[in-house]
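The values are calculated or read from the model by the stated rules, or taken from the named source; none is laboratory data. Everything quoted here is computed from the prediction, not taken from an experiment. Here Cβ is always computed from backbone atoms with ideal geometry, including for glycine, and neighbour counts include all displayed protein chains.
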Amino acid sequence: VDHCVFFVKGVEALKEATLRTGSVNYAAGKVYLRGYCISPGVWFEKEGDWVMLYPALQLHKGDMDDSFTWPFPYNIKLSVVHPMSGVKYINVVAPSPFGNLERPRNSSNELTRFPTFLKLEDLTRDGYVHHDWLCVKSELRI
């Protein structure tokens, strides 16, 4: 499996918390993608008066870690799926060289933010935020 879909619920509260504190992150539950045990997520960050949405990833110790390449080698394709039309707002990003992408020594690494963003206001204006949630597809790409 190379992708998963997760829902970010409480987008308005996450936005307000971001505007107050500077950043907030959201990680989905653990999944195995291409054999790596990860929690895909998004990182909300305040930039001026705006809130930006960055792809994020948390690596966990997995059953097959001995047989994989480290640091984590994949690009992330983040798609925010429109709830009515199914149209995807897509962003493909390479891992940051400064992230926590080495093999986890403890149970989990810290959440890593990837360097490219989507503007939350654009997603809201275009109808991607629906009933206070976002539908996000995270895919590992070579």
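Summary of values
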quantity	calculated
Hits in the range 45-77 - residues which are among the polar types (S, T, N, Q) and buried (at least 19 other Cβ atoms within 10 Å of the Cβ)	Gln58
Search result, residues across the range 1-38 that are in a loop (DSSP other than H, G, I, E, B) and either touching a strand residue (DSSP E or B) at 6+ places or on another chain (Cβ under 9 Å) or closer than 18 Å to Trp133 by Cα (or both)	Val1, Asp2, Gly10, Gly22, Ala28, Gly29, Lys30, Arg34
The listed residue being within 16 Å of Leu118 (Cβ to Cβ) and in contact (Cβ under 8 Å) with a residue 40 or more places away in the chain, out of Leu14, Leu53, Leu33, Leu59	Leu53
Some residue of the range 87-102 being of a type in the set (Phe, Trp, Tyr) and in contact with a helix residue (DSSP H, G or I) (Cβ under 9 Å, 6 or more places away or on another chain)	yes
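Condition check ((1) surrounded by fewer than 16 Cβ atoms within 10 Å (Cβ to Cβ); (2) modelled with pLDDT of 95 or more; (3) among the β-branched types (Val, Ile, Thr); (4) assigned to a loop (DSSP other than H, G, I, E, B)) across all residues:
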site: Gly86; (1), (2), (3), (4): yes, no, no, yes
site: Val92; (1), (2), (3), (4): yes, no, yes, no
site: Ser96; (1), (2), (3), (4): yes, no, no, yes
site: Asn100; (1), (2), (3), (4): no, no, no, yes
site: Asn106; (1), (2), (3), (4): yes, no, no, yes
site: Glu110; (1), (2), (3), (4): yes, no, no, yes
site: Thr116; (1), (2), (3), (4): yes, no, yes, yes
site: Glu121; (1), (2), (3), (4): yes, yes, no, no
site: Tyr128; (1), (2), (3), (4): no, yes, no, yes
